[in-house]
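The next block holds one structure in the form of structure tokens; read it before the comments.
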Amino acid sequence: MTTPSSKAQGSGVPAPDTAPAPDTSDTPDTAPAPDAVPGRRRWLILAVASTAQFLAVLDMIAVNIAFPAIGADFRSASTAELSWVLNAYTIVLAALLVPAGRLSDAIGGRRSFLTGIALFGLASLACGAAPGLGTLIVARVVQGVAAAVLVPTSLSLALPAFPPRERATAVGVWTAVSAVAASSGPVAGGLLAASDWRWIFLINPPVVLLAWVAGLRLLPPTGPVRGERRRLDPLGTLLVLLGTGALTTACVEAADWGYGAPATLGFLAAGLVVGALAVAHVRRHPDPVVDPALFRTRAFTAAALGLLSYFLAYGSALLAATLLFTGVWGWSPAGAGLAVTPWPLTVLVVSMLSGRIVRALGERTAAIVGGLCFAAGPLWWLLLAGGDGAHYAVEFMPGLVLTGLGAGLYQPVMFAAAGLLPARQLSLGSGVLMMSRQGGSALGVAALVVITGGAARPGLDALRAGWVFAAATAALAAVAGAALRTRVRTDDGERRGSRTDPIRHH
């Protein structure tokens, strides 16, 4: 791994004298080695960065819960039109993650964060004050743009503040914040919608203002490497945007359009064709929107594929659990939300402890154990879950704890793989990993709908087939974890990477 010898002018992180591409899997991967921020300041930076992650996740989930209340205000709109209040945010967020990450690397993470958080606050005000459905949808599009800037930038700002030995802890906290947002989203959405759904958006600006002021004071100034001139790649950006947007739209809308509908198949085909054109383009462009050299870092490639597999399992398993509670067992939505709570609570606890666990086990072992624990949850339900829900505490809750344990171990290790990349590609790498998260979740939901035949209330046998899918994809995620580094203790007591392993930390 190359050791930086100088700092970039106007940058809070050191940068190499040149900008080499990541090494291939035959040699240790390169990674940035920025000066860790001393003392308490790095935890404050993590808190600011995590705030952006919390808002982005919360607004995605809370609005789903408030959907009926929004529909009641816009009675003249059809369900298909109303669905764009949800889908506009999801699709735009997924489509822009990679281009936004590249832009952040080019102009600096601090500038991107401050711009993104301000835009998110303004869009939230527009959502809360929207006089009509059209205005609300446009404001949600802008919110999605802002979230796409914030999510990869938040991780790329947090990682360099910590020394390598603490990065799993830092990403564990960042993951725990997501778990809190995911678990509190239904509750917050329900409570706020009971008063007025507009409060879901209007509570954001005060938090945004605090985060912006804190970011202005705490976040280190960052920018491109001194003397480095990044070329624009408008065609590549457009291809990535269109390809990702088409594929995400096909996944999100397929349940309403029909999985064999011409619109679904058309968007899917268009996404695949444009995606192929994008791959061909980035292989030829001298400075493409997505540098293929990213994927010559074996552990980063494994993390991207592993997170895709993991979130395939996550999306399908979470939906299957909800369908079991509300369909087969006949519980209310509120009861279903309460029943699934052990999952995010376990993620929260384990994520907060992940740093110590990873230091004890090593990244590779933690990822493998995490993937296998997640796979064990659906297998538990497959073997024990019955048709009446009378024994939830024995039949289902242990599986939720297992999946939560797996998520708390797996996600911090895999998201921390962004820290293996050169400093000039941190936000782009984070955007790629976030793309795996968003794409995997959408595909996981779509896969379960296909497996269950699109039934609104699938039977127990159909859900069991979905659990098989979730267990299999989680097992694939564990296999991807095997490409990560295992640390060994040397004779002098220092913990180092094995010579046979592709990752080496400073």
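The values are calculated or read from the model by the stated rules, or taken from the named source; none is laboratory data. If you're wondering where the values come from, they're calculated on a predicted model, not measured in any experiment. Every residue, glycine among them, receives a Cβ derived from its backbone with ideal geometry; neighbour counts consider all protein chains shown. Note: accessible area is taken over every heavy atom of the protein model, side chains too, but ligands, DNA and RNA are not part of it. Shrake-Rupley method; radii C 1.70, N 1.55, O 1.52, S 1.80 Å.
Below is a table of values for the structure above.
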item	result
Residue in segment 47-65 that is within 26 Å of LEU209 (Cα to Cα), crowded, with 18+ Cβ neighbours inside 10 Å, over 21 Å from the mean Cα position of the chain (by Cα) and at pLDDT 75 or above present	no
Any hit, segment 488-503, residues being β-branched (Val, Ile, Thr) and modelled with pLDDT of 50 or more	no
Pick from segment 278-301, criterion crowded, with 24+ Cβ neighbours inside 10 Å and in a helix (DSSP H, G or I), ranking: modelled with the lowest pLDDT	ALA299
Near pairs, Cβ below 9 angstrom, 6+ apart or cross-chain, from segment 251-273 (closer than 20 Å to THR79 by Cβ and among the β-branched types (Val, Ile, Thr)) to any residue that is assigned to a helix (DSSP H, G or I) and open to solvent by 40 Å² or more (accessible area, probe 1.4 Å)	VAL252/VAL445; THR264/TRP257
Matching residues, segment 144-172, being aliphatic (A, V, I, L, M) and more than 14 Å from the chain's Cα centre (by Cα)	VAL145, ALA146, LEU157, ALA158, LEU159, ALA161, ALA168, ALA170
Check on ALA375, open to solvent by less than 30 Å² (accessible area, probe 1.4 Å) and modelled with pLDDT of 95 or more	yes
Only one of ALA366, ALA385, ALA393, ALA336 that is open to solvent by 20 Å² or more (accessible area, probe 1.4 Å) and out of contact with any strand residue (DSSP E or B) (no Cβ under 8 Å at 6 or more places or on another chain)	ALA393
Selection status of LEU324, of a type in the set (A, V, I, L, M), over 30 Å from VAL282 (Cα atoms) and touching a residue at least 60 places away in the same chain (Cβ under 8 Å)	yes
Which numbered condition ALA261 fails, given (1) under 24 Å from the mean Cα position of the chain (by Cα); (2) surrounded by 13 or more Cβ atoms within 10 Å (Cβ to Cβ)	(1)
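Here is a yes/no grid of residues against (1) open to solvent by 40 Å² or more (accessible area, probe 1.4 Å); (2) touching a Leu at 6+ places or on another chain (Cβ under 9 Å); (3) over 13 Å from MET60 (Cα atoms); (4) of a type in the set (A, V, I, L, M, F, W, C):
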position: ILE117; (1), (2), (3), (4): no, yes, yes, yes
position: LEU122; (1), (2), (3), (4): yes, no, yes, yes
position: LEU125; (1), (2), (3), (4): yes, yes, yes, yes
position: ALA129; (1), (2), (3), (4): yes, yes, yes, yes
position: LEU133; (1), (2), (3), (4): no, yes, yes, yes
position: VAL141; (1), (2), (3), (4): yes, no, no, yes
position: GLY144; (1), (2), (3), (4): no, yes, no, no
position: PRO152; (1), (2), (3), (4): no, yes, yes, no
